[in-house]
1. For segment 128-137, indicate whether the set of residues that are assigned to a loop (DSSP other than H, G, I, E, B), under 25 Å from residue 57 (Cβ atoms) and open to solvent by 40 Å² or more (accessible area, probe 1.4 Å) is non-empty.
2. Which condition breaks for residue 60 when tested against (1) surrounded by 19 or more Cβ atoms within 10 Å (Cβ to Cβ); (2) hydrophobic (A, V, I, L, M, F, W, C); (3) in a helix (DSSP H, G or I)?
3. Could you tell me which of the residues 21, 12, 16 is at pLDDT below 95 and in contact with a Lys or Arg (Cβ under 9 Å, 6 or more places away or on another chain)?
4. Every residue in segment 16-55 that is under 27 Å from residue 134 (Cα atoms), in contact (Cβ under 8 Å) with a residue 24 or more places away in the chain and open to solvent by 60 Å² or more (accessible area, probe 1.4 Å), please.
5. From the list 57, 42, which one is in contact with a helix residue (DSSP H, G or I) (Cβ under 6 Å, 6 or more places away or on another chain), of a type in the set (A, V, I, L, M, F, W, C) and within 30 Å of residue 178 (Cα to Cα)?
6. Tally up the residues in segment 91-127 that are over 17 Å from residue 153 (Cβ atoms), in contact with a Leu (Cβ under 8 Å, 6 or more places away or on another chain) and outside any helix (DSSP H, G or I), please.
7. Can you go through 63, 31 and tell me which one is of a type in the set (Val, Ile, Thr) and either in contact with a His (Cβ under 9 Å, 6 or more places away or on another chain) or farther than 21 Å from residue 143 by Cβ (or both)?
Amino acid sequence: MSLAASGVGTTFSSSFYLRKFYKNCSDASKTSKRSKLEPNRLSQADADALHKAVKQLRSFKFTDDDNSNLHAGVSALLETYNHTMDSCKDSSDLSVRRYAKQLKSLVNNHKDELEDIGVTVNKDGTLTANSNLLKSASVSKIKKLFSKESEFSTKAFQYSRHLEEKSEEAYKSDIIEQSLKQKEALLTGLGQSVDLSL
């Protein structure tokens, strides 16, 4: 659902956006269920959600009447970013970790602009919002970071898309590997020998 289609005066919470961004794997958005997911499944779900979050912010009109939705969208993006940075460090795929590092570097390069809207870049690379400062940040400052024309938004969109693609590949590779192991175990149990090497 596009915000443009939602109508004037409709306000969404950051929880709404998180549900929307994690709709393909809702367990990844819940702290209590994240540890139960396989590492590459989790990084895939987070990367997918992050890409959706960046894409959503780029679609905002950046007007004063969209202020509450804009702040909720930024808050949801920060949470998906933090989840992504956390899960990607455990990925078995080097490309996933490389794109996560590029995102972290991008955030560090725009640290001052983020702080201008009430977002702190922590030493571990995660982001923390000061809700009062974020809510009082001007639409123009947020637009400077997240509009389609901004360098930060453009690069975040590109890196998150690549991260999403590589995370998906790593997750699919895990599924194939698990399937092969299950077939090998089944055949071994039946007393048959088979070479499942690729």
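The values are calculated or read from the model by the stated rules, or taken from the named source; none is laboratory data. Worth saying up front: this structure is predicted, and the values here are computed from it rather than measured. Cβ sites come from the backbone with ideal geometry, for glycine too, and all protein chains shown count toward neighbours. When the accessible area is computed, the model is the full protein with side chains, heavy atoms only, and any ligands, DNA or RNA have been set aside. Shrake-Rupley method; radii C 1.70, N 1.55, O 1.52, S 1.80 Å.
1. Kept after step one, since they are assigned to a loop (DSSP other than H, G, I, E, B), are these residues of segment 128-137: 130, 137.
Narrowing the set further to residues that are under 25 Å from residue 57 (Cβ atoms) leaves 130, 137.
Next cut, open to solvent by 40 Å² or more (accessible area, probe 1.4 Å) only: 130.
Within segment 128-137, one or more residues are assigned to a loop (DSSP other than H, G, I, E, B), under 25 Å from residue 57 (Cβ atoms) and open to solvent by 40 Å² or more (accessible area, probe 1.4 Å).
2. (3)
3. On the way: 21 fails: at pLDDT below 95; 16 fails: in contact with a Lys or Arg (Cβ under 9 Å, 6 or more places away or on another chain).
So the residue among 21, 12, 16 that is at pLDDT below 95 and in contact with a Lys or Arg (Cβ under 9 Å, 6 or more places away or on another chain) is 12.
4. Across segment 16-55, the qualifying residue is only 55.
5. On the way: 57 fails: within 30 Å of residue 178 (Cα to Cα).
From the options 57, 42, the qualifying one is 42.
6. 2
7. Numbers: 63 fails: either in contact with a His (Cβ under 9 Å, 6 or more places away or on another chain) or farther than 21 Å from residue 143 by Cβ (or both).
It is 31.
So that you can scan it fast, the table gives a plain yes or no per residue for (1) buried (at least 16 other Cβ atoms within 10 Å of the Cβ); (2) under 15 Å from the mean Cα position of the chain (by Cα):
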| position | (1), (2) |
| --- | --- |
| 110 | yes, no |
| 125 | yes, yes |
| 142 | yes, no |
| 160 | yes, yes |
| 176 | no, no |
